[in-house]
1. How many nm separate the modelled label positions at residue 146 and residue 66, each set 7 Å beyond the Cα in the direction of the Cβ?
2. Please say if the stretch 369-434 is rounded, prolate or oblate, where rounded means a/c under 1.5 for a ≥ b ≥ c the square roots of the C-alpha gyration tensor eigenvalues, and otherwise the choice is prolate for a/b larger than b/c and oblate otherwise?
3. Suppose we look only past 16 Å in the calculated P(r) of the stretch 147-194. What percent of the Cα-Cα pairs does that tail hold?
4. Can you tally the net charge around residue 96? Count Lys and Arg as +1, Asp and Glu as -1, for every other residue whose Cβ sits under 15 Å from the Cβ of residue 96.
5. Using only protein heavy atoms and a 1.4 Å probe, report how much of residue 353 is accessible, in Å² to the nearest 10.
6. Using alpha-carbon pairs under 8 Å, 6+ residues apart, how would you state the relative contact order of the stretch 5-145 in percent?
7. In nm, give the distance between the simple-model label positions of residue 267 and residue 108, each being 7 Å from the Cα along the Cα-to-Cβ direction.
8. For the chain, which whole percent of the accessible surface, found with a 1.4 angstrom probe, sits on carbon and sulfur atoms?
Amino acid sequence: MPLQTSRLRTEVVILGSGFAGSLLALLLNKIGRKAIIIDKARHPRFAIGESSTPMANMILGALANRYNLPALTPLTTFGTWRDTYPHLVNGRKRGFSYFQHEKDEPFKPANNHSNELLVTASTDNYRCDTHWLRADIDHFLFQEVQKAGVQVFDNTLVQALSTDPSNADTWQVQAQNNEQELSIEAAFVIDATGEAGLVARHLDLPDLTDQLQTHSHAIFSHFVGLPTWHDFSTALGADTTDYPFFCDDAAVHQCIDHGWMWMLRFIDGRVSAGFALDCTQYRPNYSVQPESDWASLIAHYPTLQHLFSKAKLAETPGKLYRTGRLQRLWGKTAGKNWALLPHTAGFIDPMHSTGIAHSLSGIEQLVSIMEMYWGSDKLELALQQYNNRLIRELKFIDLLVAGCYPCMGNFDLLTSYTMLYFAAAITYEERRMG
């Protein structure tokens, strides 16, 4: 039996329903813009990009307040999140912690903490930042979109994007799911598909990835049964009495030659862990399975190998993922009737946890533009300014991250270079508060 064809008309089509696409739909609804979301998959689903920052929480709180979305306000601190949404898994993040490992040597805590760095980002365990279990938070925001009455089509594949031959200002989106074929006419399209970059590829935008200095790849998953680094390092003789916070309540960086391992701990015992590695120094071996690559790598760091010896892959996703080069950058991020959200426009690296904050910053800018200039001849100029800012921001993040990789193995140098990021982040936070 042929599928039924549904013909729809809307102002904005959002491609992708991760947290950014769903949040954007909620905000557009609040400013009176009619939107439709299309996503090829269904929630809940595994995703990474899990560590929030004070900057992220400031922006999220401001959006919730400005656009009257009180359901989002509790998500801005660990304590209010747990009080309000105990069924949504998150993790406590007091700051950032770094530990230097030497290749083929067990970790040896230094009496003067010279191979450790803890950077505090919050004052206490209640008002601190969070790790987002993305399967939960993305699903939650998607459900909020549905509650708001925004039309959504999940498990729906976009088959074609085009502009109307008789009206270049109108998009035609063809999509299909198991129940129907969709033919959607829209004035504006927003690409929140991340690496897929549906709009970017349709428009054949220039690829500026080669201009980026960072050159890393990753191997990662979620684990259960992983001991805390605090307990493990204390057993090795580490003096934690003067730590400003419990070192696992952080974005933990286990620094190794040519890269680092992240460890993000959730309240249900799951740990997001993965290696981010300099491709120019540690080339990925795609001739072997990711599990073999992980085992070969971790074998050179005895303490990490011991730490993970009894850990198991979490049921979801139940496997290790290995990427190609993480970095990407499109040469244009907005036009007169389309825009890419930051994670679609480009990506640099998980170091410094910039992803959530940058996505929220882009959403804040884009919604403000559409609120002020929709239907105005100033819209195109404002979108050009959004484009220019977004590319500058991605290149700046690249600069802050790229310099860290050559410093791996020299912890004093890494510490100094890392402070450039914290200086930039604190400056932004102070200016925003001021």
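The values are calculated or read from the model by the stated rules, or taken from the named source; none is laboratory data. This one's a predicted model, so the numbers in the text were calculated from it and none came from an experiment. Note: ideal-geometry Cβ built from the backbone for every residue, glycine included; neighbour counts use all protein chains shown. Remember, those area values only see protein heavy atoms, side chains included, never the ligands or the DNA or RNA. Shrake-Rupley method; radii C 1.70, N 1.55, O 1.52, S 1.80 Å.
1. 2.9
2. Cα axes put the stretch 369-434 in the oblate bin.
3. Value for the stretch 147-194: 47 percent of Cα pairs lie more than 16 Å apart.
4. Charge balance near residue 96 sits at -3.
5. Accessible surface of residue 353 is approximately 10 Å².
6. Once normalised by length, the contact order is 32 percent.
7. 4.1
8. Accessible surface attributable to carbon and sulfur in the chain totals 50 percent.
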